[in-house]
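A short worksheet on the structure shown next.
The values are calculated or read from the model by the stated rules, or taken from the named source; none is laboratory data. From a predicted model like this one, the values you see are computed outputs, not experimental measurements. With ideal geometry, Cβ positions are generated from the backbone for all residues, glycine too; neighbour counts draw on all protein chains shown. Side chains included, ligands, DNA and RNA excluded: accessible areas come from the protein's heavy atoms. Shrake-Rupley method; radii C 1.70, N 1.55, O 1.52, S 1.80 Å.
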Amino acid sequence: MNLVFDPAWLPRLGQGVLLTVQLTLYCMGLGAVLGAVLGLVRVYGGGRWSPLYWVASAYIHFFRGTPLLVQLLGIYLGLPTAGILVGPFLAGLLAMTLNTAAYQAEYFRGAIQSVKSGQMMAARALGMSRAQAIGHVIMPQALRLIIPPWSNELIYMLKYSSIVSMTALRPETMDLFGVARSIAARNFRYFEVYILVALFYLAMVLILTVALRWVERRVRIPGLGTPGRGI
Amino acid sequence: MALLRVENLHKRYGHEEVLKGVTLAQDAGETKVVIGPSGTGKSTLLRCINRLTEPDQGRVWLEDTEITSRRTDINRVRAKIGFVFQDFNLFTHLTALDNVRLGLMKVRRMPRAAATGRAMAELERVGLAAKANAYPAQLSGGQQQRVSIARALAMDPKLILFDEPTSALDPELIGEVLSVMIQLARDGMTMIVVTHEMGFARSVADEIVFMEGGVIVEQGTPDKMFRSPEVPRTGEFLRKISDLYGESR
Ligand SMILES: Nc1ncnc2c1ncn2[C@@H]1O[C@H](COP(=O)(O)OP(=O)(O)OP(=O)(O)O)[C@@H](O)[C@H]1O
Ligand SMILES: [Mg+2]
């Protein structure tokens, strides 16, 4: 088989990489904020019968229980019918953020709940308010525990971001996969283009993995975290 | 007037009434040792005093503040009552110094430099200034418990509650914690100590309180409790724990 790679593809693929990375990092950042709030509500929001808990749970179940693609198209095609116009980038970002927030909420809940209950008790016994105890004692520990699952989520979202190629029609709004599709559709070099794109995704995943491992090591504290992750 | 007054405290978990009307008073500078079989409500009593557990009924006063009143700012009261836990509960993510300093900075709103000075002084007092930068996981159980005592002391508490502070420790580490506590008692700290260390009780307790089944069965000076208890059950229990834990320490 005769493989042909054309360097002329690279500038456009580079743009696609940029958009994919932007989309992923924004949605992960926003999703972390929303996810943390939802996770906190699930743990401290007043128990099963409080409206806050109920809203958070309903949100989480909805966004974890429906396909991301359905959410994306619902936003991209549905919102305009309600008079709210969203471009493909914004629709993608919104869908991915809302979706990852639901997953991250569960990671936060897990991390918060795995902080030993004596930590909260000791903080309250010192005279800290619940909010202070959460801010100064619980979250600093939960945030360290959440790095491994968060890293996985980041990698998932990086790859899932390819679904925005469903809605992007103009070149400047295309993510890496969208660019690849449009290049391949023109020159029929599907195999080469997709190999290249797979390598790009792989490279991004590896870079992010290494970066997060580094962060994890940087903030590691003896006695905090799971054995086997090199305490 | 007593520093701490506990009046007719009741606490129920489900169908089980764990505290069935506990009343006691404690003067400033006094050390009380609370003993009793497992499941008797000793920990529950301590936790009801600073409302880490909400009592169902009864009142608690610290000087002229009614702790159990809804209008009392419980966080301000807790800042004046130290609590030392059986399993230390040092903040896992903070060094010894930061453990002692956190309450000073966040609760007492002390500037960092002043808080550091105070925290170091307290670590010095429990003999651990050299371990200021160690994390809890890098300390022995005895050292962790001493840091947790320093954390309580730093807040200038009017009273410290100890819930079996040496029960989680290997035998060879108990002494270092007890000697810190003995020194505190001699320095005039007001303390309520749940413990089965009868050597400690004999040497520094002003009063021993024997609890069983959610009530105080008998209380009195160590002398009275050991030599001539009024309730036979008291003598029986004291003999049992003296055999079990030894008195030599
Ligand atoms: N949070 C809780 N929920 C339900 N039951 C509880 C709770 N805390 C304590 N109990 C029950 O209350 C009773 C008294 O417990 P407590 O811990 O006060 O006893 P204790 O005298 O401190 O015992 P020990 O010497 O074992 O520490 C026990 O039967 C215990 O099971
Ligand atoms: Mg107990």
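Looking at segment A:76-97, can you tell me whether even one residue there is hydroxyl-bearing (Ser, Thr, Tyr) and at pLDDT below 95? Checked against the condition, which is being hydroxyl-bearing (Ser, Thr, Tyr) and at pLDDT below 95, segment A:76-97 yields at least one hit. Considering only residues that are in contact with a Lys or Arg (Cβ under 9 Å, 6 or more places away or on another chain) and either in a loop (DSSP other than H, G, I, E, B) or within 16 Å of ligand 1 (Cβ to nearest atom) (or both), which ones fall in segment B:144-192? B:Met155, B:Asp156, B:Pro157, B:Lys158, B:Leu161, B:Asp163, B:Glu164, B:Thr190, B:Ile192, listed by residue number.
Out of everything in segment B:74-91 that is in a loop (DSSP other than H, G, I, E, B) and closer than 30 Å to B:Pro229 by Cα, what residue ends up being least open to solvent (accessible area, probe 1.4 Å)?
Looking at residues that are in a loop (DSSP other than H, G, I, E, B) and closer than 30 Å to B:Pro229 by Cα, I get B:Phe85.
Just one of (1) open to solvent by less than 20 Å² (accessible area, probe 1.4 Å); (2) at pLDDT 95 or above; (3) more than 16 Å from ligand 1 (Cβ to nearest atom) fails for B:Thr44. It is (3). Among the conditions (1) open to solvent by 20 Å² or more (accessible area, probe 1.4 Å); (2) in contact with a strand residue (DSSP E or B) (Cβ under 7 Å, 6 or more places away or on another chain), B:Gly127 misses just one, which is (2). The single condition from (1) within 16 Å of ligand 1 (Cβ to nearest atom); (2) out of contact with any Gly (no Cβ under 6 Å at 6 or more places or on another chain); (3) open to solvent by less than 40 Å² (accessible area, probe 1.4 Å); (4) under 24 Å from A:Ala125 (Cα atoms) that B:Leu238 fails is (4). For the residues A:Gly83, A:Gly127, the requirement of being away from chain B (no Cβ under 14 Å) and outside any helix (DSSP H, G or I) singles out A:Gly83. Within segment B:195-211, the residues that satisfy the criterion of being open to solvent by 50 Å² or more (accessible area, probe 1.4 Å) and in contact (Cβ under 8 Å) with a residue 40 or more places away in the chain are B:Arg202, B:Asp206. All conditions but one from (1) open to solvent by 10 Å² or more (accessible area, probe 1.4 Å); (2) away from chain A (no Cβ under 14 Å); (3) of a type outside the set (Gly, Ala, Ser) apply to B:Val34; the one that does not is (1). Filtered by the rule that a residue be surrounded by fewer than 22 Cβ atoms within 10 Å (Cβ to Cβ) and assigned to a helix (DSSP H, G or I), segment A:155-179 gives A:Ile155, A:Tyr156, A:Leu158, A:Lys159, A:Tyr160, A:Ser162, A:Ile163, A:Met166, A:Pro171, A:Glu172, A:Thr173. Looking at B:Arg70, is it modelled with pLDDT under 95, among the charged types (D, E, K, R) and open to solvent by 20 Å² or more (accessible area, probe 1.4 Å)? Against the criterion (modelled with pLDDT under 95, among the charged types (D, E, K, R) and open to solvent by 20 Å² or more (accessible area, probe 1.4 Å)), B:Arg70 qualifies. Of the residues in segment B:13-21, at least one is within 16 Å of ligand 2 (Cβ to nearest atom), touching a Lys or Arg at 6+ places or on another chain (Cβ under 9 Å) and within 29 Å of B:Phe200 (Cβ to Cβ). Candidates B:Arg71, B:Arg59: the one that is free of Cβ contacts under 8 Å to residues at least 12 places away in the same chain, away from ligand 1 (no atom under 12 Å from the Cβ) and not in a helix (DSSP H, G or I) is B:Arg71.
Every test in (1) more than 24 Å from B:Thr31 (Cα to Cα); (2) in contact with a helix residue (DSSP H, G or I) (Cβ under 7 Å, 6 or more places away or on another chain); (3) more than 13 Å from chain A (Cβ to nearest Cβ) is passed by B:Leu139 save one, and that test is (3). Of the set (1) open to solvent by 50 Å² or more (accessible area, probe 1.4 Å); (2) in contact (Cβ under 8 Å) with a residue 40 or more places away in the chain, all apply to B:Pro232 but (2).
Cβ separations smaller than 6 Å between residues 6+ apart or across chains give the following pairs from segment B:86-102 residues that are facing chain A (nearest Cβ under 9 Å) to residues that are open to solvent by less than 20 Å² (accessible area, probe 1.4 Å) and small (Gly, Ala, Ser): B:Phe88/B:Ser148; B:Asn89/A:Gly118; B:Asn89/A:Ala122; B:Leu90/B:Ser148.
Exactly one residue out of A:Gly92, A:Gly135 is within 14 Å of chain B (Cβ to nearest Cβ), assigned to a helix (DSSP H, G or I) and under 24 Å from the mean Cα position of the chain (by Cα), and it is A:Gly135.
Look through segment B:47-60, keep the residues that are surrounded by fewer than 20 Cβ atoms within 10 Å (Cβ to Cβ) and away from chain A (no Cβ under 13 Å), and return whichever of them is farthest from ligand 2 (Cβ to nearest atom). Taking the candidates together, the pick is B:Arg59.
Using the structure shown, decide if B:Ser203 is out of contact with any Pro (no Cβ under 6 Å at 6 or more places or on another chain), away from ligand 2 (no atom under 16 Å from the Cβ) and farther than 25 Å from B:Thr234 by Cα. Against the criterion (out of contact with any Pro (no Cβ under 6 Å at 6 or more places or on another chain), away from ligand 2 (no atom under 16 Å from the Cβ) and farther than 25 Å from B:Thr234 by Cα), B:Ser203 does not qualify.
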